[in-house]
Amino acid sequence: MIRLENTTGNDIASEISVLRRRMGAPATGMVMTLLVLADETSQADATLAATQAAHEHPMRILVLIPRPDSQFDRLDAEISVGGEDGPGEVVVMRLRGALAQHAGSVAIPLLLSDTPIVAWWPHDAPGVPQEGDIGTHSARRITNAMSESDQIAALKKYAEGYRPGDTDLAWTQITSWRTLLASTLDADHHQIMGAEVHVLWATAAANLLAAWLGSRLNIPVSVVESDGPGITQVRLITTDADITIERPDGKVATLRRQGMPPATIALPRKDWGELMSEELRRLDPDEIYGETLRALDEVGQGSLSLGVVIEENDNV
Amino acid sequence: MTERNPLRDRRDLRLPRVAGPSAMVIFGVTGDLARKKVMPAIYDLANRGLLPPNFALVGFARQDYEDQDFAKTVHDAVSEHCRTEFHEDVWDQLSEGIRYVRGDLNDPEAFQELHRVLNELDQDRGTGGNHAYYFSIPPRFFSVVTQQLQKAGLAASDSGGWNRVIIEKPFGHDLKSAQELNRVVDSVFPPDSVFRIDHYLGKETVQNLLAIRFANNLYEPIWNNNFVDSVQITMAEDIGIGSRAGYYDGIGAARDVIQNHLIQLLALVAMEEPSGFGAESVRMEKEKVLRSMILPDDLDRHTARGQYAAGWQAGVEVKGYLQEDGIPPDSTTETFAAIRIDIENRRWAGVPFYLRTGKRLGRRVTEVAVILKRAPHLPYSDSNSEAKDLGSNAIVFRIQPDEGMTVRFASKVPGTVRELRNVTMDFQYGESFTQSSPEAYERLILDVLLGEPPLFPRHEEVELSWRILDPVLAHWAKQGQPEQYSSGGWGPPSAYRMMSNDGRSWRRP
């Protein structure tokens, strides 16, 4: 690792090329630039997760840590190229003083040419991620409502500021639930009248799952409190026996439906690295996420609420 | 009851297609292939959440196992060879559906027992009467197994479920035997229930070949005899036959590799753009180009074969083919084979395609090299003594290892006046990237369970490839001993000769 103190974006860029040349490996084959907008508390985990994702997606990772509290306006950087951490490059930068407001100016000379740019806020993204000097450069913007103290408020904020190309890691977290639910309904079943999502406390993931089920199946969905961890059960209420998927331990789920023996399936919760790997697989807007966020809007209007079994919807 | 699943949306690309309820029966489950490739791939699929929760796996072999012992064997094979991380949770879920049937392939009672086990699984696990039979056994047993399956009532789908057969190469040893094999299997199972696995076609780079050709504007305009001089397809192995003497002797390099892998690669490189990437359209284009392939008239001049001799390879002393255990000292089986194929159509007339494969060669590599014609005029030629192939560009697809693509072109040497040199431009799927890209078997097994056959050659293709290769094999059969070549090199002198006869030379891969 090389440390550059009181430096500039241009100097960092030329240092990367020097390191690359010394290794005899020019920066080809990298598929994107990932901008990570972190703070000191999240930067270590976020960098680790991004490095894990770089095993699947060789990329340049730029970790930008604003430090407006600093006395001096200056840029410090740590550069790692290649090696144990995978094929990509990682630059962790601290933007001190007034520089904290100008992350974009630091990042621009470091963006790989002609490849996509993805921005990730592991914590506390702006209300409209697409705006601002980072978001405007990025084709994809990844937020993480799961790391906020009030996840529901955070999700609501991102829903209001949604632009195509945004996604949230809470949405990524429920892909395995959605996969299991979708394949469960590939088989014949009775008409589904409603659903329940059981969860430890109000989480963005549970709300998104409820909103997705509600909007796709056009049914009322309630989020019910449980002992956790995370989402512990999804119950589909049919005109006959219910279909349930229970996951009491956060790892293995059991699917129960009428006429079939109970089936177990591994449904582990994923860490940031796994979530980011999935997230970076597709760089086009996730329309289903956008539509689910719009369905989430109905939360406030009473068709979907937390901790309460809601009244049946008129239009079912 | 339900017509369309509202949870599925074409635009929801995150949701993978998960196989429906099904059971897979593996014949020859104690063999190397089943242990090292098939079962680990099944675990990896389960780990990626692509298998249904009630998936069942039935092993069929002669060894005396209880279900638990068998599960233990699978456990060990899987934990040693799986690509993704080994999780006991996933394993536990998978192992609940593992059964073992002991029996001889000739024994009708064993198949009755298999029938009983499958019925039980359909009941207890809800596998829905969907059965895939994986023939991980030598082809001489295919006929007896298909007949046993039929007699035991396991081939017909009475309960509305499907029955599919998966077979591995070799698909026969010549046209006649391939037709016989196809007749046997097709007499019991309809053609779209027979899946011939050519694991090469499941490889990421092979799939990428089509993407690079048809999703770009850069290559297709030059993909013809106006610009292409020749194409070289190489599959070289650095190892000898190892413990496969029984399988290999009498088969040889051409049947083992050229008939399937190399001719399939050739078809993908040379075929016209399919109207879609569905099974039917791709197959149609492949068949069309296979039908246009012809051999040279003079097979002595344009083919080569050899046997590796004792020697040193990469610093290790190695045996010759004839000295390998289990190989008769007068064996005429070739371990190196090279042939020239021409394609008679507007796009490719006059462009030779050179296919070569061998064991104990310089290094392990599989690649497709498209070599372009030299630039019509080289203004630099007077000053340059360095490379005679200067200005002849090449586009190389590396199938393995270092999966990726290389473009070769000339560039000026810095500081000199007019000195040029060939340089390469490289695209690699970084090393770690390929680690997480699925193993070919995973993709193929999933496609079987989903019933999506685009990557599986139909029997027409198999027969067409034999039709191309048969005259070469017949010609070679009359020639006696193949030429010896030194281990660790790039094949026998005749291989070099067949190229110099055409005024060309092999690329060093």
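The values are calculated or read from the model by the stated rules, or taken from the named source; none is laboratory data. Values in this document were obtained by computation on a predicted structure and should not be read as measured data. All Cβ positions, even for glycine, are placed from backbone atoms using ideal geometry, and neighbour counts span all protein chains on display. Please note that ligands, DNA and RNA were not included when accessible areas were found on the heavy atoms of the full protein model with its side chains. Shrake-Rupley method; radii C 1.70, N 1.55, O 1.52, S 1.80 Å.
Here are the numbers for the structure shown:
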item	result
Candidate set from region B:71-116 (those that are over 17 Å from B:Asp44 (Cα atoms), in a helix (DSSP H, G or I) and touching a residue at least 40 places away in the same chain (Cβ under 8 Å)); member that is most open to solvent (accessible area, probe 1.4 Å)	B:Gln112
Test result for B:Pro6, within 14 Å of chain A (Cβ to nearest Cβ), surrounded by 17 or more Cβ atoms within 10 Å (Cβ to Cβ) and at pLDDT 85 or above	no
Among (1) among the hydrophobic types (A, V, I, L, M, F, W, C); (2) closer than 30 Å to B:Arg4 by Cβ; (3) free of Cβ contacts under 8 Å to residues at least 24 places away in the same chain, the one test that A:Ala153 misses	(2)
Residue match in region A:36-47 (condition: at pLDDT below 85, under 22 Å from A:Ile65 (Cβ atoms) and outside any helix (DSSP H, G or I))	no
Options B:Ile251, B:Ile258, B:Ile241; residue that is at pLDDT 90 or above and within 23 Å of B:Arg305 (Cβ to Cβ)	B:Ile258
Within region B:256-313, tally of residues that are within 18 Å of the chain's Cα centre (by Cα) and farther than 21 Å from B:Ala474 by Cβ	13
Number of the exception - A:Ala159 against (1) at positive phi; (2) touching an Asp or Glu at 6+ places or on another chain (Cβ under 8 Å); (3) of a type outside the set (Phe, Trp, Tyr)	(1)
Residue among A:Met276, A:Met260 that alone is buried (at least 23 other Cβ atoms within 10 Å of the Cβ) and not basic (Lys, Arg)	A:Met276
Residue match in region A:53-60 (condition: within 14 Å of chain B (Cβ to nearest Cβ), part of a strand (DSSP E or B) and open to solvent by less than 50 Å² (accessible area, probe 1.4 Å))	yes
Strands (runs of 3 or more DSSP E) wholly inside region B:395-509 that include at least 1 residues being farther than 23 Å from B:Leu372 by Cα	B:483-486
Any chance A:Arg235 is among the charged types (D, E, K, R), out of contact with any strand residue (DSSP E or B) (no Cβ under 8 Å at 6 or more places or on another chain) and in contact (Cβ under 8 Å) with a residue 24 or more places away in the chain	no
Pair list, Cβ under 7 Å, 6 or more apart: region A:192-217 residue within 12 Å of A:Leu181 (Cβ to Cβ), other residue assigned to a helix (DSSP H, G or I) and open to solvent by 20 Å² or more (accessible area, probe 1.4 Å)	A:Ile192/A:Leu217
Residues of region A:209-242 that turn out to be more than 21 Å from the chain's Cα centre (by Cα), open to solvent by less than 20 Å² (accessible area, probe 1.4 Å) and within 14 Å of chain B (Cβ to nearest Cβ), as a count	6
Per-region count, region B:2-60, residues within 18 Å of B:Ile166 (Cα to Cα) and part of a loop (DSSP other than H, G, I, E, B)	10
Residues of region A:6-25 classified as more than 21 Å from A:Ile108 (Cβ to Cβ) and either of a type outside the set (Lys, Arg) or modelled with pLDDT of 90 or more (or both), total	3
